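Student: Would you mind keeping the following structure in view while I ask a few things?
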Amino acid sequence: MRNKKTLTKKILTYLILIIVTGITVYPVLWVLKVAFGGTSLLSTSLSLIPEKISLDNFRIVFTQKPFFIWLRNSLIVSFVTTISSLFLATTAAYAFSRFRFPGQKSGMMALLVTQMFPGVLMIIPQFILISEVLHLYGSLWGLVIIYSTTALPFSIWVLKGYFDTIPISLEESATIDGASKGRIFWQIILPLSKPSIAITGLFSFMSAWNEFILAATFLDNEMKYTLPIGLREMVGEFGAEWGNFAASSLLVAIPVVVMFMLFQKFLISGLTAGGVKG
Amino acid sequence: MMVKHRSWRIVAIILTAVIFILIYARLVNNSENRLKQIFTGDFAYTIAGLTATLEETERDSTEILVQRIIQQFKSMNRDIQEIAYIEDRIFLAHTDTTLIGSRINKEIFDAQRELEKNFDSAVTAEPYVIWRQAEGPETQFDLYYPVREDEGFKGTIQIKIKEGTVIPIKLNHALIFFIFPILTLLLIFTDRFLGKFNTILAILLFVLLILMINNNLKGQMIETAAHWDSYKAGVYEEVDDYLRDNTEAGLPRTEAPDLELPFKDSIDVWNYTLSILAIFILLFIFTGMMENFFETILKHRLAYLYILPAMFGVFLLVFFPFIYGILIGFTDYNLTNFGGNLIEYFSNLENYGFDNFYNILRIINFRDYSNFYFTLTHTVVWTISNLIFHVSIGVVLALVLNDATLKGRTVFRILLILPWAIPNYITALIWRGMFHKQFGAVNGFLELLGFESISWFTQPFTSFLANLATNVWLGFPFMMIIALGALQSIPKELYEASAIDGSSKWQAFWNVTVPLLRPAMVPAIILGTIWTFNQFNVIYLVSAGGPDGATELLITDAYKYAFEQYRYGYAAAYCIIIFAVLLGYGMFTSRITKATSGAYE
């Protein structure tokens with residue numbers, strides 16, 4: 001009786017999982033099919049195996065578009081954004097987590113409030129700031145500056161939550177051993193927070209890698225485009241060039257997805273639980 | 001509060017003094033700038049190149065001045081064939097033999113005729129007058145005045161204030177800059193006798209300060225306007241003379257162009273900012289806040305040092321644009337005035353108003369897809385339906401995946417977070433393809449089941465469904481991961497304990513799982529709500545708001561106003577309303593969660 005019940009439960013569980021996973025994976029496989037399906041028109045067929053496998057779409061993307069320049073631009077922007085925002089976020093999050101100081105709560109609250117700011121409202125002022133004040137219109141550095149700061153509030157919140165779970169006793173014993181606050185931060189807190197740092201770094205990277213509204217506003221030269229802009233440019237109002245779009249979107253998405261998958265074991269622990277098991 | 005340490009008083013006094021000096025410097029500088037601004041109006045054709053300044057030693061040497069002007073004029077205008085300088089007047093002969101004269105009167109006119117004979121060409125005698133005038137010991141002006149504004153020729157008026165000109169400072173300046181600090185000092189050092197009373201005195205003084213600065217600025221403007229009037233009168237006098245001469249000489253009468261004050265009365269934002277800053281500093285002194293403030297900063301300097309870079313960045317590039325954006329929302333800032341002088345535009349209080357909000361909120365019409373209330377309703381429905389799917393799918397999957405005995409758990413988890421990993425603009429574009437009427441997989445699937453294929457983006461409801469499907473696909477992994485994390489942190493002992501107490505699995509779910517899931521899920525739901533409310537990419541790329549804007553969200557509407565119609569002010573007002581709605585939601589939920597969280601503790 002009990003065995004049978006667990007068996008039906010098992011079957012039900014797998015059924016749910018397989019259906020949901022199927023729905024989840026289908027669009028991705030569909031893109032694969034279109035990308036490798038050559039330049040022919042799309043068919044209504046639900047089959048995920050293209051009629052003939054061809055690399056034409058990739059060839060077109062590589063040879064007829066400045067794909068590698070866009071890739072380089074995107075890499076520069078994303079990596080610099082990740083590093084600078086991680087540096088700023090870890091220090092700030094550490095202070096918010098470990099120090100008691102006036103303005104602590106309101107500071108965290110202020111950061112939370114920024115998440116409600118409608119992005120469209122900020123584009124015009126940000127544009128003026130970057131182009132008129134900093135004279136960085138058309139430069140990748142303008143994007144880096146905006147991306148690093150807009151990613152900060154979220155990163156600080158996540159990191160602060162993680163730092164909170166690291167027992168203070170660790171720091172206290174380090175202090176007794178004569179370690180300075182700076183040393184505690186660099187040599188104890190940061191190594192213990194790898195999962196969380198990995199996750200926030202990944203999010204910073206992804207937000208820079210995926211962003212296109214600001215990039216479209218700030219970049220005017222095709223040689224300065226980041227991938228999303230280039231990609232959008234490629235499909236335009238995306239009518240005919242589905243194959244090219246699918247091929248290039250695979251190329252754009254793959255690094256992110258691979259990274260995401262490498263980091264995914266940190267996802268749960270990095271976002272929520274602490275690094276040191278009690 | 002009593003001021004405890006003398007050193008802070010000194011700091012406070014120095015700061016106050018610095019601020020007053022800054023205001024003073026700005027006021028003085030400003031008067032000069034204003035005059036300069038008035039007298040150097042730019043026209044299409046500027047003869048600013050004709051300006052020549054004289055050194056102190058050559059003050060009265062008209063000859064030198066004129067020679068310099070001639071040189072400049074020659075270098076900038078190659079059409080000039082000959083330049084004659086007679087007495088203190090200049091005559092220029094163009095290649096088209098237009099003779100340009102200065103301060104023309106009867107004699108000069110005759111001289112011009114002479115010149116004309118020499119050049120053996122026809123002369124039109126009046127393009128503009130160059131005239132130099134000295135007034136009093138302090139100021140000296142060069143005025144270039146266009147007498148005729150023909151088609152294709154435009155001149156300029158330029159009155160140059162000689163370097164070192166001092167605009168006299170009136171008594172009310174003195175009041176502010178000498179009497180006020182003295183009073184302040186007195187108050188600071190007498191606070192122990194006066195006690196709380198000095199706060200009231202201080203407040204009175206602040207009011208006084210505001211009034212003074214305000215009056216001062218107004219007075220200053222009246223002053224410059226008065227200067228302008230006198231100059232204008234002088235100019236017209238000259239022109240009248242000239243015109244009379246002209247008429248006597250039988251030449252066609254030329255109308256003098258209208259002279260207008262080339263600046264608008266506007267309030268100096270910087271002075272006000274500085275004044276307000278001064279007021280705050282003084283308030284700090286009187287309430288002892290400043291002392292505490294500095295002590296706090298010193299005491300927690302390490303913490304502030306750690307957060308400073310991040311907060312600086314966030315304030316500069318997130319808060320500042322936000323505040324600026326809000327300012328824009330109260331103006332009619334659009335394509336026609338974009339790119340002008342921004343500081344001038346935004347410091348003019350006349351440009352502000354509530355028109356945008358009034359226009360947005362005035363009409364309630366649920367049949368009009370572009371109406372604000374329709375879009376708001378759609379946005380709310382969109383957000384709620386998304387969140388229902390996100391949370392229920394996410395939690396169910398988390399519960400299923402949390403079973404440690406499940407085989408292939410990691411594989412499923414990796415596959416299920418795939419939508420989160422893929423850039424969402426790509427996802428949106430892929431789903432638009434999936435819902436394509438002819439090639440889309442969704443219609444292919446419907447046909448497989450024997451249904452007719454649907455043209456998804458021509459009906460509001462199906463269009464909404466397409467958006468919804470995309471965003472559900474996109475959003476559930478986040479909820480799943482959050483729920484999974486929360487589930488994994490629930491200690492096994494709790495389930496064992498509840499099992500010992502004889503509760504069923506279902507009871508254990510409601511009494512252990514749900515309450516412990518809640519702290520993690522509530523922030524995630526609040527965050528998810530905000531994200532979905534502003535889910536720009538999906539709507540913009542999947543249905544593009546279609547058909548006829550029926551599936552627009554408030555945010556995509558705002559974007560279209562800003563970047564398709566270039567009505568920045570209107571779009572910003574839209575965004576402000578969006579922000580207000582979300583803020584209201586945030587405050588509401590924080591009260592609800594506070595009120596209900598107690599039940600589980």
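Read-outs: derived from the displayed coordinates by stated rules, not from any lab. Remember, it's a predicted structure, so these values are computed and weren't measured experimentally. When we count neighbours, we look across all protein chains shown, and the Cβ atoms used for this are built from the backbone with ideal geometry, even at glycine.
Student: Mind pulling the angle between the C-alpha long axis of helix A:242-271 and the longest principal axis of chain A? Nearest 10 degrees, somewhere in 0 to 90.
Tutor: Value to nearest ten degrees: 30.
Student: Ok, one more. Cα gyration tensor of region B:444-601, axes a ≥ b ≥ c as square roots of the eigenvalues: rounded (a/c below 1.5), prolate (a/b > b/c) or oblate?
Tutor: oblate
Student: With 10 angstrom as the radius, rank A:Thr63, A:Thr114 by how many other C-beta atoms surround their C-beta, starting from the fewest.
Tutor: A:Thr63, A:Thr114
Student: With just the Cα atoms defining each centre, how far is region B:348-388 from region B:557-578? Give it in Å.
Tutor: Taking the Cα centre of region B:557-578 as reference, the centre of region B:348-388 is 11 Å away.
Student: Would you mind putting B:492-500, B:511-519, A:70-78 in packing order, based on average other-beta-carbon counts within 10 Å, highest first?
Tutor: Answer by packing, highest mean first, reads A:70-78, B:511-519, B:492-500.
Student: I would also like to ask the following. Using the Cα gyration tensor of region A:128-273, with a ≥ b ≥ c the square roots of its eigenvalues, what is the shape: rounded (a/c below 1.5), prolate (a/b larger than b/c) or oblate (neither)?
Tutor: Verdict is oblate for region A:128-273.
Student: Considering only the other residues whose Cβ falls under 15 Å of the Cβ of B:Trp382, what net charge follows from Lys and Arg at +1 and Asp and Glu at -1?
Tutor: Around B:Trp382, the surrounding residues sum to -2.
Student: Let me ask something else about it. Among A:Leu121, A:Thr8, A:Leu143, which residue has its Cα furthest toward the positive end of the charge dipole of chain A, with +1 on Lys/Arg Cβ and -1 on Asp/Glu Cβ?
Tutor: Of the candidates, A:Thr8 comes out farthest on the positive side.
Student: Now a separate question. For A:Lys10 and B:Tyr345, what does the FRET efficiency come to when R0 = 56 Å and r is the distance between their Cβ atoms, rounded to the nearest 0.05?
Tutor: It comes to 0.25.
Student: Based on the Cβ-Cβ distance of A:Met261 and B:Val18, what FRET efficiency does E = 1/(1 + (r/R0)^6) give at R0 = 60 Å, to the nearest 0.05?
Tutor: Efficiency for this residue pair is about 0.55.
Student: Let me ask you something else. On average, how many beta carbons from a partner chain sit within 10 Å of the beta carbon of a residue in B:321-329?
Tutor: Whole-number average of other-chain Cβ neighbours for B:321-329 is 6.
Student: If R0 is 45 Å, what FRET efficiency do you get for B:Leu298 and B:Leu446 from their C-beta distance, rounded to 0.05?
Tutor: Efficiency, rounded to the nearest 0.05: 0.05.
Student: Other chains' Cβ within 10 Å of A:77-88 residues: what's the mean?
Tutor: Across the residues of A:77-88, the mean count of other-chain Cβ atoms within 10 Å is 1.
Student: Something else: Using only DSSP helix segments of four residues or longer, with each worth -39500 (n - 2.57), what per-residue ellipticity at 222 nm results for chain A after dividing by its residue count and rounding to 500?
Tutor: Computed ellipticity for chain A at 222 nm equals -24000 deg cm²/dmol.
Student: Sticking with this structure for a sec: Tell me the net charge near A:Ser97. Cut-off is 14 Å between Cβ atoms, A:Ser97 excluded, with +1 for each Lys or Arg and -1 for each Asp or Glu.
Tutor: Neighbour charge sum, excluding A:Ser97 itself: +3.
Student: Return a whole-number percent for the relative contact order of chain A, with Cα pairs under 8 Å and 6 or more residues apart as the contact set.
Tutor: 29
Student: May I ask for the net charge around B:Gly545, where only other residues with Cβ less than 13 Å from the Cβ of B:Gly545 are counted and Lys, Arg are +1 while Asp, Glu are -1?
Tutor: -2
Student: Here's something else I'd like to know. In nm, to one decimal, how far is the B:Ile592 label point from the B:Gln488 one, both placed 7 Å along Cα→Cβ?
Tutor: For B:Ile592 paired with B:Gln488, the spin-label model returns 2.9 nm.
Student: Right, another one. Restricting to DSSP loop positions (anything but H, G, I, E, B) with no more than 10 other Cβ atoms inside 10 Å of their own Cβ, which chymotrypsin sites (Phe, Trp or Tyr not before Pro) remain in region B:413-452?
Tutor: Qualifying residues, ordered by number: B:Phe451.
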